[in-house]
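Colleague: Dropping a structure here in structure tokens format, bear with me for questions.
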Amino acid sequence: MTRFLFFVSLALAGMLAGCTMAKSGGASNPEPGVRLNARLIPPADIELTWQDSDSNAVGHVVEYATEPKGDYVILDFIPPEQTTFVHSNLMPATAFYYRVRAYYGPASRPVEVSLPEELSETNYVARFAQPEDYSWAPPKTVTNENQVARASLRTAPAAAAPTGLRVEMMPVTVSGFKLTWADQANDEDGYLLETRPEGDPDFQVCGLLTPNINSLGYGLTPPIRKAAFRVRAFYYGKSSNVASATTRATPEPEANRTAN
């Protein structure tokens with residue numbers, strides 16, 4: 001499996017997991033609701049703004065659909081301090097529907113991935129551009145001999161946090177590595193892979209995994225040579241209200257109007 005196909009499959013698995021969990025909702029959770037507004041920025045951008053009084057949320061998930069009760073697709077995972085999102089360059093004359101959900105859960109301790117200093121930038125870029133063996137990389141569940149009794153993210157988040165995160169560089173690739181950890185939670189909606197490239201101040205979500213996964217492969221991308229990674233067991237809060245906006249029709253080109 002090439003790197004490209006692997007990352008496509010990982011993204012697709014994340015989207016399918018997001019759609020499945022979006023349908024299941026989470027309406028029974030006690031967290032305060034998120035209030036969402038959508039505003040058209042003509043002609044084809046939509047700005048979302050929301051309010052959430054729950055300071056325990058570790059982030060928010062922005063989702064959209066093209067029908068009020070359609071299948072919602074995850075657009076992005078947003079850090080808790082951010083309360084706006086712009087969906088840009090959309091299809092003209094189309095209604096878009098949005099919702100936002102808080103998510104909760106603890107992250108593992110981070111691990112650092114660093115490429116060897118003797119790997120030149122030229123060689124790094126050249127090898128990365130070639131097909132590589134990523135057959136070892138798909139997300140999976142592996143047996144952990146030291147597994148202890150699992151705990152609930154909702155009632156004992158510290159005990160349910162993923163532990164023992166470790167990284168193994170894979171020599172069949174120029175920058176690929178395998179992450180494994182102990183799944184300590186018994187009620188997660190999934191796992192998030194988060195990364196902080198060297199020089200960046202904050203972690204950001206780079207992968208969405210289904211429940212019970214505790215191993216996957218990933219890779220650094222040129223020019224990044226060093227980054228920290230962590231995994232987060234999480235569950236969704238209640239969905240916000242559905243907010244919608246409709247993009248404008250594309251104006252007819254001036255030349256066509258003149259000809260008519």
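Colleague: Go ahead and collect, in residue order, the members of the stretch 102-125 whose backbone nitrogen is under 20 Å from a label point 7 Å along the Cα-Cβ direction of ASP187.
Modeller: In the stretch 102-125, the label zone of ASP187 (backbone N under 20 Å from the point 7 Å along Cα→Cβ) covers 102-108.
Colleague: Another question, then. Extension gain VAL148-LEU40, at 0.36 nm per residue separation less the Cα-Cα distance, in nm?
Modeller: Residue separation times 0.36 nm, minus the Cα-Cα distance, leaves 33.8 nm.
Colleague: Stokes-Einstein D for the stretch 139-195 at 37 °C, 0.692 mPa s, Kirkwood Rh over Cα pairs, in µm²/s?
Modeller: On the way: Rh = 12.8 Å.
The calculation lands on 256 µm²/s.
Colleague: Just tell me which aspartates and glutamates come within less than 15 Å, Cα to Cα, of LYS140; anything on the same chain fewer than 8 places away is out.
Modeller: Of all the aspartates and glutamates, those that pass the test against LYS140 - Cα under 15 Å, at least 8 places apart if same chain - are ASP183.
Colleague: Using amide H atoms built in the peptide plane, which far-off residues or other-chain residues are under 5 Å from ASP189 H to H?
Modeller: Here PHE234, TYR235, TYR236 satisfy the definition.
Colleague: Return the FRET efficiency for the residue pair THR246, THR83: r is the Cβ-Cβ distance, R0 is 25 Å, and the value is rounded to the nearest 0.05.
Modeller: On the way: r = 23 Å, r/R0 = 0.91.
Calculated value: 0.65.
Colleague: Taking the Cα atoms of the stretch 106-235, what is the range of coordinates along each of the three principal axes, in descending order and whole Å?
Modeller: Largest first, the stretch 106-235 extends 50, 32, 21 Å along its Cα principal axes.
Read-outs: derived from the displayed coordinates by stated rules, not from any lab. Worth saying up front: this structure is predicted, and the values here are computed from it rather than measured. Counting neighbours? That spans all protein chains shown, and the Cβs are built from the backbone with ideal geometry, glycine included.
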